[in-house]
1. Given a 1.4 angstrom probe, I'd like the percentage of the accessible area of the stretch 43-97 that is carbon and sulfur, rounded to a whole number.
2. Using θ = phi - 60° and the Karplus relation 6.51 cos²θ - 1.76 cosθ + 1.60, list the HN-Hα couplings for the stretch 348-358 in order, rounded to whole Hz, with x at every Gly or Pro.
3. Starting from the Cα-Cα distance between I279 and L353, subtract it from 0.36 nm times their residue separation and give me the gain in nm to one decimal.
4. If the chain between I252 and T343 were fully stretched, how many nm would it gain, using 0.36 nm times the residue separation less the Cα-Cα distance?
5. Post the alpha-carbon centroid distance, the stretch 1-61 to the stretch 193-223, in whole angstrom.
6. Using a Förster distance of 22 angstrom, determine the FRET efficiency expected from the C-beta separation of Q167 and H31, and round it to 0.05.
7. How large is ³J(HN,Hα) for each residue in the stretch 138-148, as worked out from phi by the Karplus curve 6.51 cos²θ - 1.76 cosθ + 1.60 (θ = phi - 60°), to whole Hz, x for Gly and Pro?
8. Residues of the chain: accessible area per residue at 1.4 Å, in Å²?
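The values are calculated or read from the model by the stated rules, or taken from the named source; none is laboratory data. Just so it is clear, the model here is predicted, and its values are computed rather than measured. Positions of Cβ are generated from backbone atoms using ideal geometry, with glycine treated the same way; all protein chains shown enter the neighbour counts. In case anyone asks, the SASA skips ligands and DNA or RNA and just uses the protein heavy atoms, side chains included. Shrake-Rupley method; radii C 1.70, N 1.55, O 1.52, S 1.80 Å.
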Amino acid sequence: MQVILGVIFHFIGGFASGSFYMPYKKVKGWHWESFWIVGGLFSWLIVPPLAAWLTIPNFMDIIKSTSASTIGLAYLFGVLWGIGGLTYGLGVRYLGVSLGSSIILGLCMVFGSVIPSIYYDLFPQAGKDTFSMLIGSKWGITVLFGLALCVLGLIVCGKAGIMKEKQLSTAGTDPHGATASTEYKFGLGMFVSIVSGILSACFNFGLEAGKPMANIANELWKQAHINQGEFLYQNNVTYVVVLWGGLTTNFIWCMLLNARNKTFGDYTNSKTPLLSNYIFSALAGTTWFLQFFFYGMGESKLGNGPSSWILHMAFIILVANLWGIVLKEWKGVTKKTTTTIITGIITIVISVLVVGYGNSLK
C-alpha cells in the first residue's frame with residue numbers, strides 16, 4: 001500500500017510539473033523574462049515558506065539551528081539548479097513542450113538518480129541506497145532496468161522531434177503555428193535543453209545536502225505522533241533553502257534580460273491584460289511548486305533513493321508529452337512521426353511500471 005501511495009503522489013507531482021507551463025500560454029503582451037520571474041516569485045519565494053508554515057510551524061527555527069555548511073551547500077545546489085530551471089523555459093520555447101521537456105527531464109532523471117547512489121558508495125551513510133546495492137539486488141536491477149527503459153523512451157521521443165523538425169521546416173511553421181525561424185530552433189533548443197537537464201539534477205543533490213533539516217522535522221513529528229510512520233511533509237523545510245538559490249539565479253538573469261530588452265514596462269503596461277497576466281503567472285508558479293510538495297510526500301512513502309527521482313521525472317516526461325499532443329504540437333506531421341512519439345510515450349509508461357514494481361520488491 002505504501003508503494004501504491006508513493007506512486008500516486010509522484011504522479012500528482014509529475015502532473016503538476018508537466019502542466020505548469022500551460023498558464024504561461026495565456027499571458028498576453030509580456031516577454032518571456034517578465035512572466036517567468038513573476039511566476040518564479042511564487043514558485044521560489046512566496047509559496048514554499050507558506051507550505052512549510054502550514055505543515056511545519058517551527059520550520060524557521062529548524063533552518064536557524066542548521067549548520068552554515070549544510071545551508072550553504074543546499075543553497076549552492078539551488079543556484080546551479082536555478083540555471084537549469086531558467087534554461088528549461090528556453091528549451092520549451094525553442095523545442096516545444098513535448099520534445100524540450102523530454103530531453104531536459106530525461107537527462108535530469110539519469111543524473112539525479114544515479115549520481116547520489118554513486119556518492120553514497122564512496123561516502124556511506126546509514127539509510128542511503130548505494131549503487132552497489134542497486135546492482136547487487138533484484139529490486140535494484142529492476143529499478144535500473146526501468147531507468148534504461150525510460151532513457152530508451154527519451155531517445156524515441158527525440159527521434160520523433162528530429163523527424164518533426166524536418167517536416168516543419170518544409171511546412172515553414174513551428175509547433176505553435178509561427179514561422180519556423182523565429183521560435184522553433186532545434187540546434188539552440190538542444191543546447192539549452194542539455195545544459196538544463198544536467199544542471200536540473202542539482203535539485204536532487206540539494207535535497208540530499210539539506211536532508212539534516214528534513215530529518216529534524218521528521219523526528220519532531222514522530223515524537224508527537226507515535227507509530228504513525230514517516231512525516232509526509234518533512235522536505236518542505238529543505239525546499240525553502242534550495243529554492244532561495246533558484247530564486248537568486250533566475251532573478252538576476254530575468255532582470256538582466258529586462259534591462260537588455262527594455263521590458264521593465266511589461267509589469268505596468270496598461271495595453272496588456274495586467275490582472276490576468278499576473279494571475280496566470282502566479283498560477284503557473286504555484287503549480288510548479290506543487291510538483292515538489294507531492295514529490296516529498298511520495299518520497300516519504302518510497303524512501304529517498306533513485307526510485308523516487310526516476311518516478312518523478314518519468315511522470316513529468318509522460319505528462320509533458322501528452323500535453324504536446326493535446327496542444328497539437330505534432331499537427332501536420334506524418335503518420336510515421338506520430339507513431340514514433342506515441343511509441344516513446346508508451347515506453348516511458350512501461351518504465352514507470354517497472355520502477356514501481358522494483359520498489360515493491362524492496
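1. It is 73 percent, rounded to a whole number.
2. Computed from phi, the couplings for the stretch 348-358 are 5, 4, 4, 4, 4, 5, 5, 5, x, 5, x Hz.
3. 23.0 nm
4. On the way: separation 91, 0.36 × 91 = 32.76 nm, distance 4.00 nm.
The I252-T343 span can extend by a further 28.8 nm.
5. Measuring centre to centre over Cα atoms gives 15 Å.
6. After rounding, the FRET efficiency stands at 0.15.
7. Those phi angles translate into 5, 5, x, 4, 5, 5, 5, 5, x, 4, 4 Hz.
8. Accessible area per residue, the chain: 42 Å².
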